[in-house]
Amino acid sequence: MGIIGEQVPVSVGNVTLTGNCSPCTFNWTTPLLLSNIKEITFPKGNYTISYVAPLKDNHLQESFRSQYQVNVTLPDGFDVRNPLLAGISTGGSFSRHEDNTTTVQWNKTNSFDLRFYDPAREELFFFFLQLMVIIVVVFVVIPYAMTMKKNP
């Protein structure tokens, strides 16, 4: 999505369509004349669409014309458990699996927004948090304790 909520097309690859068909086929169409934007079309039904797309800044978001069930699986090394570092839009829930993958799920949603983080970002966050605690101790707690000793 763009800055004001408009849809911005993204180039994707490895598009697959699965469902109660063998094989499930789809067509690439160009909805606008003189456009290099492409859509896939297929008969109405219950399908799962999978694709590979680039991510920017560990942030994934999408909006749809109608409601869908959305499942996002994050591989080992990415997490959403710390709410100060990650964000899951309303209606989303996550579950952690034995192989350290994380699945985030939304039921019947028109849009979703997911921010996730890696271990390096979590370590940087805790380093910054420790630095802030040291600064508070040095500039607030110690001067306060020293003024308390001077007053009889």
Selection over the stretch 30-55 where residues are polar (S, T, N, Q), surrounded by 10 or more Cβ atoms within 10 Å (Cβ to Cβ) and either under 23 Å from residue 73 (Cα atoms) or in contact (Cβ under 8 Å) with a residue 12 or more places away in the chain (or both) yields a count of 2
Has the stretch 76-91 got at least one residue that is surrounded by 10 or more Cβ atoms within 10 Å (Cβ to Cβ), under 12 Å from the mean Cα position of the chain (by Cα) and of a type in the set (Val, Ile, Thr)?
yes
Any chance the stretch 64-84 includes a residue that's within 30 Å of residue 46 (Cβ to Cβ), of a type outside the set (A, V, I, L, M), assigned to a loop (DSSP other than H, G, I, E, B) and touching a strand residue (DSSP E or B) at 6+ places or on another chain (Cβ under 8 Å)?
yes
Against the conditions (1) closer than 19 Å to residue 60 by Cβ; (2) not assigned by TED's automatic domain parsing to the domain that holds residue 62, where does residue 87 fall short? Just the number, please.
(2)
Going through the stretch 93-102 in order, the residues found to be of a type in the set (S, T, N, Q) and surrounded by 14 or more Cβ atoms within 10 Å (Cβ to Cβ) are 101, 102
Mind checking whether some residue in the stretch 59-71 is farther than 30 Å from residue 125 by Cβ and surrounded by 13 or more Cβ atoms within 10 Å (Cβ to Cβ)?
yes
Subset tally (residues that are over 24 Å from residue 21 (Cα atoms) and either in contact with a strand residue (DSSP E or B) (Cβ under 6 Å, 6 or more places away or on another chain) or in a strand (DSSP E or B) (or both)) for the stretch 47-57:
1
Test residue 41 against the criterion of being over 25 Å from the mean Cα position of the chain (by Cα) and not acidic (Asp, Glu), and give yes or no.
yes
In the stretch 104-125, what count of residues is obtained for those that are surrounded by 11 or more Cβ atoms within 10 Å (Cβ to Cβ) and either in a helix (DSSP H, G or I) or of a type in the set (A, V, I, L, M, F, W, C) (or both)?
9
Here are some residues: 98, 62. Which one is among the charged types (D, E, K, R) and touching a residue at least 60 places away in the same chain (Cβ under 8 Å)?
62
Output for Cβ contacts, cut-off 8 Å, separation at least six or different chains, first residue β-branched (Val, Ile, Thr) in the stretch 116-144, second loosely packed, with under 10 Cβ neighbours inside 10 Å and assigned to a helix (DSSP H, G or I), reads none
Just the residues that are modelled with pLDDT under 80 and on the phi > 0 side of the Ramachandran plot, please, taken from the stretch 2-39.
5, 34
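The values are calculated or read from the model by the stated rules, or taken from the named source; none is laboratory data. Quick caveat, the model's predicted, so the values are computed rather than measured. With ideal geometry, Cβ positions are generated from the backbone for all residues, glycine too; neighbour counts draw on all protein chains shown.
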